[in-house]
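Read-outs throughout are calculated quantities, based only on the coordinates presented, and are distinct from any laboratory measurement. Keep in mind the model is a prediction, meaning the values are calculated, not measured. Backbone-built Cβ (ideal geometry, glycine too); neighbour counts: all protein chains shown.
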C-alpha cells in the first residue's frame, strides 16, 4: 500500500503493534522450516494482540483520518489472520460481526468521499474481508470479485491470490463446485510459492471430489502433495495433513483400500496425537482395515480414535462407538462390547445404530 499524501504514520501502541505484525508476517514468509501448529497458535495470539491494539486506536481516535487509518489496519490484521493462520475459514463472534459490519460501512463512506489511504484493489479486498467477518458472505464474494478487476501486478499475492482462494472457499461452502474449481485453479496460477500453489490445488481437489469427479480429484490432491514443501516459506500443516486425508478418502471412494490405508497411515505420521484430525485418521484407518477383514487391527485403530478424542460428543464419535461395539460383539468380546453399545444407546445423538445396539444389548450374550 502507498499511503495517500498527508496521511499520518501510526504512533504509540498502534505503531508498536503494527511493527510486531510486520515482523510476524516476515517470519512466516521467510521461515526456513515448517511452522508447526504450536507456532501458528503463537502467531494467532500475536495477531490477536495487534487486532486489540488497532481496535483501541480506532476507539480512541477523534480525527476522521485517524479512524479511517485504524479501520484499515484492523481489516489488514483480520486479512492476515484469515489467510495465514485461520485457513480461509471464518467463524466470528457476535462482537466481531458487529465491529466488522461497522468498519465496512465506514470504509464504504470513506471510499465514496475519496478519503481512503489504500489503493482501490486493496480497499475492495479489505472490504470483502470485513464483510466476510460480518457474516455477509455474498457481498464479500462480490467485493473480492471487484478486487480482482482492480488488481495490478503490485497486488498479486496480497489481493489476487487471496481474493481467488476466498471466493473458491465461499463457493465450495455454498456447493458451487464449478466456481470453486475455477477460482482455486486461478489462485494456483497466481501463487508466489509452491506452498501457496499447493493450498489452491488442494481446494480444487476437494471441490472436484464434492462434484463426484473422483479420478481428477485424486489427481489434483496428489499434485498438491507434490507441491507442499516444509522447507519453504508459508508451509501450512493444516492443508498438508488434510490433503493427505482426502487422498485416502477419495482412494477409498474409488475402491482402492490399499492406497487408502497408505494415505491414512501417512496422515497419522504428520498429525498431532490430540487433534481431531488424529481421531479422523485413526477412525478411517480402522474402517479400511475392517474392510480387509483385519478385525483385531481395526479394533486397535478404532480404540486409538476414541482415545484421542477430547471434544464434545458428536455423530462421528458415536459412529466409532457403534462400529467398535458391534465389532467386539462379532468377535465374541462381550466385556468390551457392552459399554460401547450402551454409550450409543444412551447418547443424545440421534444415531441410526441405536436400534442395532439395543438388539445386541438385549441378547443374553451381551446384556
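Å³ per residue of the Cα convex hull, for the range 1-150? List each step's numbers first, then the result.
Numbers: hull volume 17.5 nm³, N = 150.
In the range 1-150, the Cα convex hull volume per residue is 117 Å³.
Between residue 358 and residue 20, the FRET efficiency from the beta-carbon distance, with R0 = 51 Å, is close to 0.35.
Extension gain for residue 214-residue 145 works out to 22.0 nm (0.36 nm per residue, less the C-alpha to C-alpha distance). Distance between the modelled labels on residue 334 and residue 138, one decimal in nanometres: 5.9 nm (7 Å Cα→Cβ projection).
On the principal axes of its alpha carbon atoms, the chain extends 83, 39, 36 Å, with the longest extent given first. Note on the chain: GNM, Cα springs under 10 Å; of 319, 277, 223, the largest mean-square fluctuation is that of 319. Here the range 31-108 is described by how far its Cα atoms reach on the three principal axes: 43, 22, 18 Å, from widest to narrowest. Helix 64-84 and the longest principal axis of the C-alpha atoms of the chain enclose an angle of approximately 30°. Between helix 194-210 and the chain there is an angle of about 50 degrees, using the helix long axis and the longest principal axis of the Cα atoms.
Note on the range 122-211: the alpha carbon radius of gyration divided by the globular reference 2.2 N^0.38 Å gives 1.00.
In this entry, the range 155-254 is assigned a mean projected area of 5.5 nm², taken as a quarter of its C-alpha convex hull surface. The stretch between residue 348 and residue 291 holds 17.7 nm of extra length on full extension. This uses 0.36 nm per residue minus the Cα-Cα distance.
Between helix 94-112 and the chain, what is the angle of the helix's C-alpha long axis to the longest principal axis, kept within 0 to 90° and rounded to the nearest 10? Approximately 30 degrees, to the nearest 10. Across all directions, the average flat footprint of the convex hull enclosing the Cα atoms of the range 256-309 is 3.1 nm². Simple spin-label model, 7 Å along Cα-to-Cβ: residue 61 to residue 29 in nm? For residue 61 paired with residue 29, the spin-label model returns 2.3 nm. Footprinting exposure proxy ranking of 263, 309, fewest other C-beta atoms within 10 angstrom first, gives 309, 263.
In Å, the Kirkwood hydrodynamic radius of the range 312-367 over pairs of distinct alpha carbons?
Numbers: mean 1/r = 0.0929 Å⁻¹.
Kirkwood radius, the range 312-367: 10.8 Å.
Compute the FRET efficiency between residue 13 and residue 152 as 1/(1 + (r/R0)^6), taking r as their Cβ-Cβ distance and R0 = 41 Å, and round to the nearest 0.05. Don't skip to the end; give the middle numbers.
Numbers: r = 33 Å, r/R0 = 0.80.
So, using R0 = 41 Å, E works out to roughly 0.80.
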